[in-house]
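Here is the structure we will look at, set down as structure tokens.
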Amino acid sequence: MKRFATRAALVCLSTAAAAAAITCPASATAPSAPHGGAPNPAATAGLNPRTLADLDTSMQGEAYANASYTFYAAQADRENLPATARLYRRTASVELYEHFREEAALAGVVGSDAANLRAAIAGETYETNVMYPTFARQAAADGDDNAAALFTEIAKDEAQHLARFRAALDVVETGRGRIPAPPPVDPVEVPAGGPKVRSARTLANLDTAMHGEALAHARYTLYAEHAAGNRPALARLFRGTAEVELREHFAGEAKLYGLVRTTRENLTRTIAGERHEAEVMYPTFARRAEAVGDRKAARLFRHNAADEAGHARAFQRMLDHPQ
Ligand SMILES: [Fe+2]
Ligand SMILES: [Fe+2]
Ligand SMILES: [Fe+2]
Ligand SMILES: [Fe+2]
């Protein structure tokens, strides 16, 4: 599975891209979502730019694994494989609450509530004004009307997320008014099946969009945790929006993309992805971090490589003995 090898090219989360707000050098035809904003400079002080970029790539992989495992778990439930479903849910939680969270801490992803809101606003603005309208136009031109309709619908949701986050930022900055209630969630099922679009460009755009949504879900989850102590209403807004990104947006796109197959196929792809992280991606990142003296990052990359090897083994057991 090439999900990590292609990630860096498909979705740019780099500091430079985020700072430029809407320009992404990755591709002219498939704009990508800088769903983030600049990292907290204090937290990243001294980190080599290469290490920071590797942390970005890793976080994208972790967020995507968390999102896809959530829907692979639901498929295992449908096939009456409860142990496999449990393993997917447990592993999804490790990818987000351990790997993503620890990488995000090193990369300085979470700042003050105001900084987090500004980062969220930058991402939502890009998706509303650039990414989804472009994807909708391209899908319509390619005859993928179902994808064009979905992209258009999601763009409208993102505009509402944007409005809510702007209103929340105003409350945080002025101390007046009320943080808006979170958007309602209307979960989408992702049944097993192949792609439901015909153009390769639409498929690539769906992939880019899914990575953006997975990342938004992961980031908003951390922003919600950060806000929970002092601003419970803001925590609810971030948490509720995170759910929409995963259960509606990612899920709606995954359905057209054909992400979920039979559990047997899902496991085969999962094992390949975990092995790639364990044997190629994280060891490479660890070596690079070590070489430039980023010891903490090197340690984290090595630790995660060992975890991913364990994930690969656990999934392999489910493949060998379906349960
Ligand atoms: Fe992971
Ligand atoms: Fe959004
Ligand atoms: Fe979204
Ligand atoms: Fe993993």
Can you tell me which residue in the range 195-221 is surrounded by the most Cβ atoms within 10 Å (Cβ to Cβ), limited to those that are more than 14 Å from GLU253 (Cα to Cα) and touching a Lys or Arg at 6+ places or on another chain (Cβ under 8 Å)?
-> TYR220
Residues of the range 64-105 being aliphatic (A, V, I, L, M) and within 12 Å of ligand 4 (Cβ to nearest atom), in sequence order, are ALA65, LEU87, ALA92, VAL94, LEU96
Are there any pairs, at least 6 apart or on different chains, whose C-beta atoms fall under 6 Å, with the first in the range 124-145 and surrounded by fewer than 24 Cβ atoms within 10 Å (Cβ to Cβ) and the second of a type in the set (Val, Ile, Thr), and if so, which?
-> VAL130/ILE22; ALA136/THR152; ASP142/THR202
Note on GLU277: of the conditions (1) surrounded by fewer than 23 Cβ atoms within 10 Å (Cβ to Cβ); (2) within 16 Å of ligand 1 (Cβ to nearest atom), unmet is (1)
Out of ALA254, ALA272, ALA286, ALA297, report the one residue that is among the small types (Gly, Ala, Ser), out of contact with any strand residue (DSSP E or B) (no Cβ under 6 Å at 6 or more places or on another chain), within 21 Å of ALA214 (Cβ to Cβ) and buried (at least 16 other Cβ atoms within 10 Å of the Cβ).
-> ALA254
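Against the condition in contact (Cβ under 8 Å) with a residue 24 or more places away in the chain, small (Gly, Ala, Ser), out of contact with any Ser or Thr (no Cβ under 8 Å at 6 or more places or on another chain) and over 22 Å from VAL188 (Cβ atoms), how does SER112 come out, does it pass? Walk me through it before giving the result.
Working: in contact (Cβ under 8 Å) with a residue 24 or more places away in the chain: no; small (Gly, Ala, Ser): yes; out of contact with any Ser or Thr (no Cβ under 8 Å at 6 or more places or on another chain): yes; over 22 Å from VAL188 (Cβ atoms): yes.
Here the answer is no, as SER112 does not meet what is asked.
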Which pairs have Cβ atoms under 6 Å, sit 6 or more apart or on different chains, and link a residue in the range 239-258 that is closer than 16 Å to GLU124 by Cβ and touching a residue at least 40 places away in the same chain (Cβ under 8 Å) to one that is among the hydroxyl-bearing types (Ser, Thr, Tyr) and buried (at least 24 other Cβ atoms within 10 Å of the Cβ)?
-> THR241/TYR220
Of those in the range 277-299 that are touching a residue at least 24 places away in the same chain (Cβ under 8 Å) and in contact with a Lys or Arg (Cβ under 8 Å, 6 or more places away or on another chain), the residue nearest to TYR88 (Cα to Cα) is TYR282
Which is modelled with pLDDT of 95 or more, within 16 Å of ALA204 (Cα to Cα) and either surrounded by fewer than 16 Cβ atoms within 10 Å (Cβ to Cβ) or not charged (D, E, K, R) (or both), of LEU150, LEU169, LEU162?
-> LEU150
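The values are calculated or read from the model by the stated rules, or taken from the named source; none is laboratory data. All figures in this text were calculated on a predicted structure; none of them were measured in a lab. When we count neighbours, we look across all protein chains shown, and the Cβ atoms used for this are built from the backbone with ideal geometry, even at glycine.
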